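> Starting off with a structure, shown below.
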Amino acid sequence: MDQISIGKFIAKMRKEKSYTQRQLADLLKISDKTISKWETGNGLPEVSLMLPLCEALGISVNELLTGEKVADADYKKKAEENMMNLMREREENKQKMVLVVAVGGISTISFVTLLLVVCVYTEVIALPIKIVLISIACIIFATGIYFAMQGERTVGYYQCKHCDETFVPGFLEYMAGAHMLTTRYLKCPHCGKKSWCKKILSKSSVEKQ
């Protein structure tokens, strides 16, 4: 899905209804900053907001996801394309998560390997070389873990247990949140409550629950 096109379409339909961003936000019980984020292509409406948004703008969900008005003759085709896009997003995020895990694993193995070399050959390797090897090991480990965590944070979404909304947490909040397998203790930006939020790969995952 093209977030830019969808955002422009939301803005266009909002203006046709003579709503300000604040008025539309009040109808949906969200902030006008969220409306602005959608219209600038920096995010998509949550699944739970799509129907209320479409009702307010007088459009269908299919038209919202397409980013334009859809003629009756093209409706089924566009619906199938939108479903395929959602499935494609899920598959792409699966591949990205595999890469994220691989980066973390390779970094850890490299770190442990270099430390073992220093420990095993402690009498052969000179002190300056040991320091260099340990420094390289730490840099590799830190860099790999950083990129792995950034990837795990931004690939897909976290789903709030209280309101079922999905979101991507900030890096500092992500770092501070306790985690257990595929869940992390985070504060939802929509309802403001903290809970063990489940990791999902696409918003289509929400629809299937």
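> Quick one: which residues, 5 or more positions from Cys197 or on another chain, have an amide H under 5 Å from its amide H? H modelled 1.01 Å from N in the peptide plane, none for Pro or chain starts.
Close amide H contacts, sequence-distant or interchain: Arg184, Tyr185, Leu186.
> Sticking with this one: Applying the Karplus parametrisation 6.51 cos²θ - 1.76 cosθ + 1.60 with θ = phi - 60° to the phi angles of the stretch 6-11, what ³J(HN,Hα) value in whole Hz is obtained for each residue in order, glycine and proline being reported as x?
Here the 3J(HN,Hα) series is 5, x, 5, 5, 4, 4 Hz.
> First check a/c for the stretch 3-70, with a ≥ b ≥ c the square roots of the eigenvalues of its C-alpha gyration tensor; if it is under 1.5, answer rounded, and if not, answer prolate when a/b is larger than b/c or oblate otherwise. If you can, show how the numbers build up before the last one.
Numbers: a/c = 1.31, a/b = 1.21, b/c = 1.08.
Taking the square roots of the gyration eigenvalues as a ≥ b ≥ c, the stretch 3-70 is rounded.
> Each residue of the stretch 89-106 in turn: what ³J(HN,Hα) in whole Hz from Karplus with 6.51, -1.76, 1.60 and θ = phi - 60°, glycine and Pro shown as x?
Karplus values, whole Hz, x for Gly and Pro: 4, 5, 5, 5, 5, 4, 5, 5, 5, 4, 5, 4, 5, 5, 4, x, x, 4.
> If you don't mind, there's one more thing I want to ask. Helix 127-154 sits at what angle to the longest principal axis of the chain, using alpha carbons and giving 0 to 90 degrees rounded to 10?
Here the helix axis deviates by roughly 20 degrees.
> Follow-up question, since we're still on this one. Give the list, by residue number, of cysteines in the chain with no other Cys Cβ closer than 4.7 Å, or say none.
Cys with no partner Cβ under 4.7 Å: Cys54, Cys119, Cys138, Cys197.
Where a number appears in this text, it was derived from the coordinates with a stated rule and is not lab data. For clarity, every value in this text was computed on a predicted model and none was experimentally measured. Note: ideal-geometry Cβ built from the backbone for every residue, glycine included; neighbour counts use all protein chains shown.
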